[in-house]
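The values are calculated or read from the model by the stated rules, or taken from the named source; none is laboratory data. All values reported here derive from a predicted model rather than from experimental measurement. Here the Cβ positions follow ideal geometry from the backbone for every residue, glycine too, while neighbour counts run over all protein chains shown.
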Amino acid sequence: MSRILSLVLLAAALTACGSNASDAPEAAAAPAAAPVTAAAPATTVAAAPAMGEAITGSVLERLDAPPYAYLRIQTASGEIWAAVPATDIANGAEVTVYEPMLMSNFESKTLQRTFDSVYFGMLDAPGSGAAAGGNPHAAMAQPTKVDVGQVEKASGADARTIAEAWEQGAGLAGKTITVRGKVVKYNPGVMAKNWIHLQDGSGDVAKGTNDLTVTSLDEAAVGDTITITGTVAIDKDFGAGYRYPIIVEEAKVVKE
């Protein structure tokens, strides 16, 4: 997978995903009264960073909305909002948000606020060995600890191994496929989706064709053996250089 990218948590990134994205269901949040959507506090708009360029500045405010922390950051060119994996960082701290992804008109259901713009990223430098957290497009820098072995192929006419999905590529665009494999990486609640990396022991590790990215509203966990059924997208471009040669979207997950 190309690197930014997990948070996601990934140059106006994700504008192709629509302008009314929202937090994924956040079951752990405290029950709220009748929803009242409020606009996020106004900020002095900063110039958009170049594609993939890290954002550095001082934290002015932190809003906790697990699995994220929303940070209002004073940068050299103005204030921005950033969403990073939950953190206890204090106001006044200097931070750098790596691999930022811009989302416009983003609604946080937990905060009941809509941000004109918010950058999803992470506070750990790429390749530092820290988890990619809320950025689903972050590269799998650390080797997986899951023993994948050889997972038996799913049954049915639309069943594919991961290697077959890569090999057939464009011929599967827009089609439904079923894949059985082990979850080697899982990022829940990123951009209103759960992001799953699936492996079944097929494919070429060196070429990256052993790993299939899946998005779903269903939950999973690292180490689970699951069967997914979803729609294939080819050359899915989220902007800012974040492109998937193949991805399975809106998948239904069946756990074993």
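Can you tell me which of (1) assigned to a strand (DSSP E or B); (2) at pLDDT 90 or above is the one residue 186 doesn't meet?
For residue 186, the exception is condition (2).
Here is a list of conditions, (1) outside any loop (DSSP other than H, G, I, E, B); (2) at pLDDT below 95, and residue 248 meets all of them except one; can you say which number that is?
All conditions are met except number (2).
Of 128, 155, 117, which residue is surrounded by fewer than 22 Cβ atoms within 10 Å (Cβ to Cβ), of a type in the set (Gly, Ala, Ser), in a loop (DSSP other than H, G, I, E, B) and modelled with pLDDT of 85 or more?
155
Return only the number of the condition from (1) outside any loop (DSSP other than H, G, I, E, B); (2) surrounded by 14 or more Cβ atoms within 10 Å (Cβ to Cβ); (3) modelled with pLDDT under 95 that residue 139 does not satisfy.
Single failed check for residue 139: (1).
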